[in-house]
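**Student:** Have a look at this one.
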Amino acid sequence: MSPVKAFFLASRLAWRQLTHEKANLFAAMLGVLFACVLVFMQLGFKDSLYASIIKLPVAMEGDLFLMHKQTEAIWRTVSFSRQQLKRAFALPEVEKAVPVYIWMAQWKNPDNKTKRTLQLLGYDPDTKLLKGKDIRENKKRLLMQDTLIFDNLSRPEFGPVEKMLSEQRLFTEINDHKVEVVGTFKIGPSFAADGNAITSALNFLRIFPERLPERIDLGVIYLKPGSNILTAQAFLQRRLDEDLNVMTHDEMIAAEMSYWQDNAPVGFIFGFGVVIGLVVGMVIVYQILFTDITNHLNEYATLKALGYPHYYLTFVVFTASLILAIIGFVPGLILSAALYRLSEGVLYIPMPLGLGKILTIFCLILGMCIISGSIAMKKLKSANPADMF
Amino acid sequence: MPVISVKNLSFSYGTGALKRDALKGVDLEIEKGEIVILTGPSGSGKTTLLTVIGGLRAAFDGSVEVLGQQMIGAEESTRVALRQHIGFIFQQHNLLKSLTSLQNVCMALELRDGLSEYDRQKVAGEMLKSVGLSDFLHKKPDQLSGGQKQRVSVARSLVARPDIILADEPTASLDKQNGQEIVHILKRLAREQGTTILLVTHDYRILDVADRSLLLEDGEITGTPT
Ligand SMILES: Nc1ncnc2c1ncn2[C@@H]1O[C@H](COP(=O)(O)OP(=O)(O)OP(=O)(O)O)[C@@H](O)[C@H]1O
Ligand SMILES: [Mg+2]
């Protein structure tokens, strides 16, 4: 018998055996479906966490970024001396050095007056730090005292800012300091910040009187056109205070990412969830296949008496595990897609269901079923045709 | 040349103090097309002999040539290959319960190369017809009576035109009439195909189908039953 033919016939037999016992098949399908949904949700949350977390750094523009070495992530910075920016001009290629203040602030919902924390950025709006037409169009207005612009994609708990703004001038309080909202922009919430607002450096210091102008959270350096970023980085890293990290844009994004992947327990928690999902699925599929083999042991022994080689029986179990993977994955995918939409509505963070993710998870589920099948297969050894008489 | 030639075959279960001799120097020759009945008291070693001849159990003492193949000390793969030329009929029908009669009979054909799905179904359908089950092709075992199941089992053992049929008490779970019928169907079809049959039974009512009957007592062939 050619292997292809054997594989086809074995999978047909596996299919017939699986569909003969509908209740078992349904239980197995639920097991795989459960694992599928768990893995989809965990990976979905993880990916959208990472995507949301780097939205702010990705939106930034600059050649080199200075942060304190103890700064783990943008939402929890350790400040450093503004003097360091001045010292950066020792490098002739440096064209501009922009200080940025970042702090969490209490925002009063202008509609229902409840308070909620958002992330406030303060920097000279005349610079090109944040990309986006909406931000740059508003920069003139930010030069006025006690104004800010609000991130329209922030969670709805901050109030219907855009709507109210379209009706009349909008005033609210941030850290009990009266401000006028003069425009909106779009970045979106992250797992660390439910919303964002931008103001000028001067306004920022008025909102936070306890913050020293001397201590900044982020420094952004713009080099003259044609300068080599890496040489400049090496130079600055040597010349500036050794407590500072001098990073390229990509490095800053990677650092933000690695905080969530490695240091914050969330990365671990999601990874853990994926593993748990796969292990639970594996145990369920193993149980189902094992009981199935045990129940069919006589039949397998009969097949051996008919002259079927052992490998044919392993094909039967192997293809049974493939079938379980597929019939559990398809409804699992559909359910996960629905849950993704549901989560987006609750979290206000996009959860894309890309082909890459679907394929990755299919491979995980397939692997899970194949491992279960391979372990369950050992039971086939006890199918002895001599016992049939 | 005999189809089955057993010389001085000994076989024991277990080792050491638990060792139990099941066969003690069995000699047996069966020619092509012969129908031989083997009978004897319970525990005399009939099933053991059958499983050794059929390549289901490995034996190491004496000589067992089946279809010209030496089974003593043979590799697993040799024994698997031999089984494809043998049809087994068990005391229980041992059908696959998730498959219909037709699919069950086809299982014996799927091992054969050069047959299409269509060919297999045709041959299997004809075989089921000749055991009188043309109306039950698409029934699964739990929709069949005991006698019908055993007929499917007979059809399965014959459909691939094996050289030898080994049957162990095929009528034990059937009533007299069904038992008679099945043995006679088996005999008729075996004669048509020139198949050799070795049939173990306690059932003295079916001795008359045999060309020859042998008596096995305490692991030794002691002659013919009286
Ligand atoms: N798997 C086994 N392990 C150990 N001993 C066995 C095994 N099978 C059979 N025996 C022993 O070997 C001897 C021969 O058994 P066998 O099954 O061949 O007898 P039998 O003639 O077929 O009996 P019966 O008519 O009851 O089916 C018996 O004493 C039995 O107890
Ligand atoms: Mg017996």
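The values are calculated or read from the model by the stated rules, or taken from the named source; none is laboratory data. Bear in mind that the values here come from a model prediction, so they are computed numbers and not experimental data. We place every Cβ from the backbone using ideal geometry, glycine too, and count neighbours over all the protein chains shown.
**Student:** Suppose the filter is more than 14 Å from chain B (Cβ to nearest Cβ), in a helix (DSSP H, G or I) and closer than 30 Å to A:H68 by Cβ; does A:I276 pass it?
**Tutor:** Values: more than 14 Å from chain B (Cβ to nearest Cβ): yes; in a helix (DSSP H, G or I): yes; closer than 30 Å to A:H68 by Cβ: no.
Answer is no for this residue.
**Student:** Which number in (1) facing chain A (nearest Cβ under 10 Å); (2) more than 16 Å from ligand 1 (Cβ to nearest atom) marks the one condition that B:E29 misses?
**Tutor:** Result: B:E29 passes all but (1).
**Student:** Does B:A22 qualify as being surrounded by fewer than 24 Cβ atoms within 10 Å (Cβ to Cβ), farther than 20 Å from B:V154 by Cβ and within 16 Å of ligand 2 (Cβ to nearest atom)?
**Tutor:** Values: surrounded by fewer than 24 Cβ atoms within 10 Å (Cβ to Cβ): yes; farther than 20 Å from B:V154 by Cβ: yes; within 16 Å of ligand 2 (Cβ to nearest atom): yes.
Against the criterion (surrounded by fewer than 24 Cβ atoms within 10 Å (Cβ to Cβ), farther than 20 Å from B:V154 by Cβ and within 16 Å of ligand 2 (Cβ to nearest atom)), B:A22 qualifies.
**Student:** Given the structure, is A:F40 crowded, with 19+ Cβ neighbours inside 10 Å, more than 30 Å from A:F185 (Cβ to Cβ) and among the aromatic types (F, W, Y)?
**Tutor:** On the way: crowded, with 19+ Cβ neighbours inside 10 Å: yes; more than 30 Å from A:F185 (Cβ to Cβ): yes; among the aromatic types (F, W, Y): yes.
Answer is yes for this residue.
**Student:** With the requirement that a residue be of a type outside the set (F, W, Y) and within 16 Å of ligand 2 (Cβ to nearest atom), what does segment A:350-389 give you?
**Tutor:** Step one: of segment A:350-389, the residues of a type outside the set (F, W, Y) are A:350-361, A:363-388.
Within segment A:350-389, A:N384, A:P385, A:A386, A:D387, A:M388 meet the criteria.
**Student:** Would you confirm, using the coordinates I've provided, whether B:L67 is surrounded by 15 or more Cβ atoms within 10 Å (Cβ to Cβ), within 15 Å of ligand 2 (Cβ to nearest atom) and either under 19 Å from the mean Cα position of the chain (by Cα) or modelled with pLDDT of 95 or more (or both)? Write out each step before concluding.
**Tutor:** Details: surrounded by 15 or more Cβ atoms within 10 Å (Cβ to Cβ): yes; within 15 Å of ligand 2 (Cβ to nearest atom): no; either under 19 Å from the mean Cα position of the chain (by Cα) or modelled with pLDDT of 95 or more (or both): yes.
No, not satisfied.
Matching residues to (1) within 24 Å of the chain's Cα centre (by Cα); (2) part of a helix (DSSP H, G or I); (3) small (G, A, S); (4) farther than 25 Å from A:K304 by Cβ:
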residue: A:A10; (1), (2), (3), (4): no, yes, yes, no
residue: A:R16; (1), (2), (3), (4): no, yes, no, no
residue: A:N24; (1), (2), (3), (4): no, yes, no, no
residue: A:V37; (1), (2), (3), (4): yes, yes, no, yes
residue: A:V58; (1), (2), (3), (4): yes, yes, no, yes
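**Student:** Given the criteria at negative phi, surrounded by 15 or more Cβ atoms within 10 Å (Cβ to Cβ), in contact (Cβ under 8 Å) with a residue 12 or more places away in the chain and in a helix (DSSP H, G or I), does B:G87 qualify? Quick ask: steps written out before the conclusion?
**Tutor:** Working: at negative phi: yes; surrounded by 15 or more Cβ atoms within 10 Å (Cβ to Cβ): yes; in contact (Cβ under 8 Å) with a residue 12 or more places away in the chain: yes; in a helix (DSSP H, G or I): no.
It is false that B:G87 is at negative phi, surrounded by 15 or more Cβ atoms within 10 Å (Cβ to Cβ), in contact (Cβ under 8 Å) with a residue 12 or more places away in the chain and in a helix (DSSP H, G or I).
**Student:** For segment A:152-184: of the residues being under 19 Å from A:R141 (Cα atoms) and of a type in the set (A, V, I, L, M), which is surrounded by the fewest Cβ atoms within 10 Å (Cβ to Cβ)?
**Tutor:** Top of the filtered list is A:M164.
**Student:** Here's a follow-up. Starting from segment A:343-358, take each residue that is more than 12 Å from A:L153 (Cα to Cα) and list its partners that are among the aliphatic types (A, V, I, L, M), counting only C-beta distances under 7 angstrom and pairs at least six apart or across chains.
**Tutor:** Final answer for the pair search is A:S343/A:M351; A:E344/A:M351; A:L353/A:A337; A:K357/A:L43; A:I358/A:L333.
**Student:** Which one of these does B:D21 not meet: (1) acidic (D, E); (2) within 23 Å of B:T195 (Cβ to Cβ); (3) within 11 Å of ligand 1 (Cβ to nearest atom)?
**Tutor:** (2)
**Student:** Any residue in segment A:371-389 that is in contact with a strand residue (DSSP E or B) (Cβ under 7 Å, 6 or more places away or on another chain) and either within 30 Å of A:G307 (Cβ to Cβ) or away from ligand 1 (no atom under 16 Å from the Cβ) (or both)? Talk me through it step by step, then tell me what you get.
**Tutor:** Our first condition is that a residue be in contact with a strand residue (DSSP E or B) (Cβ under 7 Å, 6 or more places away or on another chain); within segment A:371-389, this holds for A:389.
Pick out the ones that are also either within 30 Å of A:G307 (Cβ to Cβ) or away from ligand 1 (no atom under 16 Å from the Cβ) (or both) and you get A:389.
Yes.
**Student:** Report yes if B:K24 is over 24 Å from B:P170 (Cα atoms) and more than 13 Å from chain A (Cβ to nearest Cβ), otherwise no. Let's see the steps before the verdict.
**Tutor:** Numbers: over 24 Å from B:P170 (Cα atoms): yes; more than 13 Å from chain A (Cβ to nearest Cβ): yes.
Criteria met by B:K24.
**Student:** Under 7 Å between Cβ atoms, which residue pairs at least 6 apart in sequence (or on different chains) link something in segment B:205-226 that is away from every other protein chain (no Cβ under 14 Å) and under 9 Å from B:L23 (Cα atoms) with a partner that is within 16 Å of ligand 2 (Cβ to nearest atom) and basic (K, R)?
**Tutor:** Sorted first by the residue in segment B:205-226, then by its partner, the list stays empty.
**Student:** Another question, if that's okay. Within segment A:11-36, can you find the residues that are closer than 26 Å to A:T360 by Cβ and among the aromatic types (F, W, Y)?
**Tutor:** A:F34
**Student:** Would you be able to say whether some residue in segment A:80-103 is farther than 30 Å from A:F235 by Cα and in contact (Cβ under 8 Å) with a residue 24 or more places away in the chain? Before you say what the answer is, go through the steps one by one.
**Tutor:** Let us first name the residues in segment A:80-103 that are farther than 30 Å from A:F235 by Cα, namely none.
No, every residue in segment A:80-103 fails to be farther than 30 Å from A:F235 by Cα and in contact (Cβ under 8 Å) with a residue 24 or more places away in the chain.
**Student:** Given the criteria within 18 Å of B:E217 (Cβ to Cβ), more than 9 Å from every other protein chain (Cβ to nearest Cβ) and assigned to a strand (DSSP E or B), does B:V36 qualify?
**Tutor:** Values: within 18 Å of B:E217 (Cβ to Cβ): yes; more than 9 Å from every other protein chain (Cβ to nearest Cβ): yes; assigned to a strand (DSSP E or B): yes.
Yes; evaluated as a whole, the condition is true for this residue.
**Student:** Of all residues in segment B:196-215 being touching a Gly at 6+ places or on another chain (Cβ under 7 Å) and under 15 Å from B:A167 (Cβ atoms), which is farthest from ligand 1 (Cβ to nearest atom)? So that I can check it myself, show each step before the final result.
**Tutor:** So the first thing to find is which residues in segment B:196-215 are touching a Gly at 6+ places or on another chain (Cβ under 7 Å), and the list is B:196, B:203, B:206, B:215.
Within this subset, residues satisfying the condition of being under 15 Å from B:A167 (Cβ atoms) are B:196, B:203, B:206.
Numbers: B:T196: 20, B:D203: 11, B:I206: 15 Å.
The qualifying residue farthest from ligand 1 (Cβ to nearest atom) is B:T196.
**Student:** Also, quick follow-up: Restricting the search to segment B:71-88, which residues are more than 10 Å from chain A (Cβ to nearest Cβ) and within 18 Å of B:P162 (Cα to Cα)? Show your work before the answer.
**Tutor:** Start the filter on segment B:71-88 by keeping residues that are more than 10 Å from chain A (Cβ to nearest Cβ), which leaves B:71-75, B:78.
Listed by number, the residues that qualify are B:M71, B:T78.
**Student:** Based on what the data block shows, is B:V52 β-branched (V, I, T), more than 14 Å from ligand 1 (Cβ to nearest atom), in a helix (DSSP H, G or I) and within 12 Å of another protein chain (Cβ to nearest Cβ)? Walk me through it before giving the result.
**Tutor:** On the way: β-branched (V, I, T): yes; more than 14 Å from ligand 1 (Cβ to nearest atom): no; in a helix (DSSP H, G or I): yes; within 12 Å of another protein chain (Cβ to nearest Cβ): yes.
The answer is no for B:V52.
**Student:** From (1) away from ligand 1 (no atom under 16 Å from the Cβ); (2) surrounded by fewer than 23 Cβ atoms within 10 Å (Cβ to Cβ), pick out the condition that doesn't hold for B:S12.
**Tutor:** The failed condition is (1).
**Student:** Another question about this same structure. Going by the conditions given, is A:V78 surrounded by fewer than 18 Cβ atoms within 10 Å (Cβ to Cβ), outside any helix (DSSP H, G or I) and either away from every other protein chain (no Cβ under 14 Å) or under 19 Å from the mean Cα position of the chain (by Cα) (or both)?
**Tutor:** Details: surrounded by fewer than 18 Cβ atoms within 10 Å (Cβ to Cβ): yes; outside any helix (DSSP H, G or I): yes; either away from every other protein chain (no Cβ under 14 Å) or under 19 Å from the mean Cα position of the chain (by Cα) (or both): yes.
Criteria met by A:V78.
**Student:** Just the residues that are of a type in the set (A, V, I, L, M) and more than 21 Å from A:N112 (Cα to Cα), please, taken from segment A:139-191. Walk me through it before giving the result.
**Tutor:** In the first step, residues of segment A:139-191 are kept if they are of a type in the set (A, V, I, L, M); the result is A:142-144, A:148-149, A:153, A:161, A:164-165, A:170, A:174, A:179, A:181-182, A:187.
Once the filter is applied, which keeps residues that are of a type in the set (A, V, I, L, M) and more than 21 Å from A:N112 (Cα to Cα), segment A:139-191 yields A:L142, A:L143, A:M144, A:I187.
**Student:** Something else: Inside segment A:279-293, can you point out the residues that are within 14 Å of chain B (Cβ to nearest Cβ) and touching a Lys or Arg at 6+ places or on another chain (Cβ under 8 Å)?
**Tutor:** First pass over segment A:279-293, keeping only residues within 14 Å of chain B (Cβ to nearest Cβ): A:292-293.
The answer is A:I293, and nothing else.
**Student:** Can you tell me which residue among A:T199, A:T248 is surrounded by 22 or more Cβ atoms within 10 Å (Cβ to Cβ) and touching a strand residue (DSSP E or B) at 6+ places or on another chain (Cβ under 7 Å)? Working first, answer last.
**Tutor:** On the way: A:T248 fails: surrounded by 22 or more Cβ atoms within 10 Å (Cβ to Cβ).
Only one candidate passes the filter, namely A:T199.
**Student:** Could you grab me the full set of residues in segment B:28-63 that are surrounded by fewer than 18 Cβ atoms within 10 Å (Cβ to Cβ) and within 11 Å of ligand 2 (Cβ to nearest atom)?
**Tutor:** Across segment B:28-63, the qualifying residues are B:P41, B:S42, B:G43.
**Student:** Have a look at A:I284, A:I253 and point out the one that is modelled with pLDDT of 90 or more and crowded, with 17+ Cβ neighbours inside 10 Å.
**Tutor:** Numbers: A:I284 fails: modelled with pLDDT of 90 or more.
Going through A:I284, A:I253 in turn, just one is modelled with pLDDT of 90 or more and crowded, with 17+ Cβ neighbours inside 10 Å: A:I253.
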